[in-house]
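The values are calculated or read from the model by the stated rules, or taken from the named source; none is laboratory data. A quick note: this is a predicted structure, and the numbers were derived from the prediction, not measured. Counting neighbours? That spans all protein chains shown, and the Cβs are built from the backbone with ideal geometry, glycine included. Accessible surface is based on the protein model in full, side chains and every heavy atom, while ligands, DNA and RNA are left aside. Shrake-Rupley method; radii C 1.70, N 1.55, O 1.52, S 1.80 Å.
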Amino acid sequence: MAAELTTTLRDHVGRETPLYFAERLTEHYRNKSRTTGDGPEIYLKREDLGHSGSHKMNNALAQAMIARRLGCSRVVAATGAGQHGVATAAACAKLSLECTVFMGTTDIEKQSSNVLSMKLLGAQVSSLEGTFQDASSEAIRNWVENLQTTYYLSGTVVGPHLSPVMVREFQSVIGKETRKQAKRLWGGKPDVLVAFVGSGSNALGLFHEFVGDEDVRLVGVEAAGLGLDSGKHSATLAVGDVGVLEYPGVGPEISFLKETGRVEFYTATDKEAIQDWRGIIPALEASHALAFLDKLVPILHDGAKVIVNCSGRGDKDIDTLIKRGNPSSLSRVTKINHFSLNISLINYFHVRSKSLATMSLMIITVLSGTESQRLWLEKKHY
């Protein structure tokens, strides 16, 4: 299976993903933070460029292969932001497995584009009242009731053993590639690794390879929401209490790394995370990691090599950004990209059938199309 997975990650997912020197971002912080010296160099591990648009595909594809090897014909999963749902749907489509993704109504409202993607990939999206915690409980319940035919595909480093270990192991390809790429690019190791921490899958994917390298700083960034004092945040490790939860928000290994001091934890607010990242629209999760550069870069030495895990692309968050009143510079970009995304869907449907093309026109009208864009579509006879 290892050889098959390696080959499929390369040919189907697009690994290895680039370790990209963010020249404009480096220049931005050089001008902003210093009067002399060259400042640190900032690199992005571009997980957003892989198939399905996030790091989630690394784990989803591997576990779907396990499901097939176990003789299961059906996969169930739970998703919050939708990235794991899309990755699972794509992996199941690749391997001819039936797929059901459970998703809370709260998340469905925020992630309509990912819901559409899952359905286009052939998955059944089962909605239920609540959030990711409720969806996870329902997915596990469904799995237990259908053990002979069904595999539960976890996307987070939480939950029952072996789930946290499997997810971390399959995501560790990120850090393994990063070590090789750093050696190739500058002949050494990175000085600082930065990753957003939700449950911990993308962070552990980057960090695990370097836990034993004491000269490499590992920095996790949690979402501070409207502020740590507001009560509206998800900074579990920064300000949370030790205890037993029905469904933990952060995995045991990342919690251990916090307790031992191996990983430093900080936060970024919503306002700090919504910025113009100079040519890239990262997922809001990755945006928090990038936002922490404002505080990190000024204290680093010249020439320090900083790698930020860009764990996913931001297509899924465009509606949220627009509703929240994102910066005007981003607003211009997101509206263009949203329109382009919808045009791509329409072109795809058009070659399939006229009726599907009509359905696509309805989708773009509801989503982000302006009056002039809709008129353009009508002239194209969609």
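Relative contact order, whole percent, for region 1-99 stands at 24, derived from Cα pairs under 8 Å and 6 or more residues apart. Counted residue by residue at 0.36 nm each, then reduced by the alpha carbon distance between them, the extension gain from LYS271 to GLU129 reaches 48.3 nm. May I ask for the net charge around GLN181, where only other residues with Cβ less than 9 Å from the Cβ of GLN181 are counted and Lys, Arg are +1 while Asp, Glu are -1? Residues close to GLN181 contribute a combined charge of +3. Highest average first, the peptides 215-227, 177-189 ordered by how many other beta carbon atoms sit within 10 Å of their residues are 215-227, 177-189. The candidates PHE132, PHE102, PHE256, arranged from most to least accessible area with a 1.4 Å probe in the full protein assembly, appear as PHE256, PHE132, PHE102.
For SER73 and SER137, the difference between the fully extended length at 0.36 nm per residue and the C-alpha to C-alpha distance is 20.9 nm. In order along region 252-257, phi translates into HN-Hα couplings of x, 6, 5, 5, 4, 5 Hz, rounded to whole numbers, per the Karplus curve 6.51 cos²θ - 1.76 cosθ + 1.60 with θ = phi - 60° and x for Gly and Pro. 3J(HN,Hα) along region 69-84, derived from phi through the Karplus expression 6.51 cos²θ - 1.76 cosθ + 1.60 where θ = phi - 60°, amounts to 5, 6, x, 7, 9, 9, 10, 10, 8, 10, 9, x, 5, x, 5, 5 Hz, with x in place of Gly and Pro. Note down the Stokes-Einstein diffusion coefficient of region 3-70 in µm²/s, whole number, using a Kirkwood radius over alpha carbon pairs, 25 °C, and 0.890 mPa s. It diffuses with D of about 172 µm²/s by this estimate.
Relative protection proxy for 169-176, 14-21, 197-204, from highest mean packing down: 197-204, 169-176, 14-21 (other beta-carbon atoms within 10 angstrom). Database remark: amide H of VAL125 closer than 5 angstrom to the amide H of VAL101 (H placed geometrically; neighbours at sequence offset of 5 or more, or on other chains; Pro and chain starts carry no H). What is the list of residues in region 189-227 whose amide nitrogen lies under 18 Å from a point 7 angstrom out from the Cα of THR260, following Cα to Cβ? Counting backbone N atoms under 18 Å from the label point, the list is 193, 200-201, 203-220. If you plug the beta carbon distance of GLU23 and GLN148 into 1/(1 + (r/R0)^6) with R0 = 41 Å, you get a FRET efficiency near 0.15. In this structure, the amide hydrogen of SER311, modeled 1.01 Å from its nitrogen in the peptide plane, lies closer than 5 angstrom to those of ALA286, counting only residues at least 5 positions away or on a different chain. Find the percent of Cα-Cα distances in region 1-149 that exceed 25 Å, and round it to a whole number. The calculated P(r) of region 1-149 puts 40 percent of pairs beyond 25 Å. The local environment of GLU109, defined by Cβ-Cβ distances under 11 Å, has a net charge of 0 under the rule Lys, Arg +1 and Asp, Glu -1. Too long at a 22 Å Cα-Cα cut-off: which of LYS32/LYS305; LYS258/LYS316; LYS232/LYS323; LYS189/LYS271; LYS232/LYS271? Checking Cα-Cα distances, LYS258/LYS316; LYS189/LYS271 exceed 22 Å.
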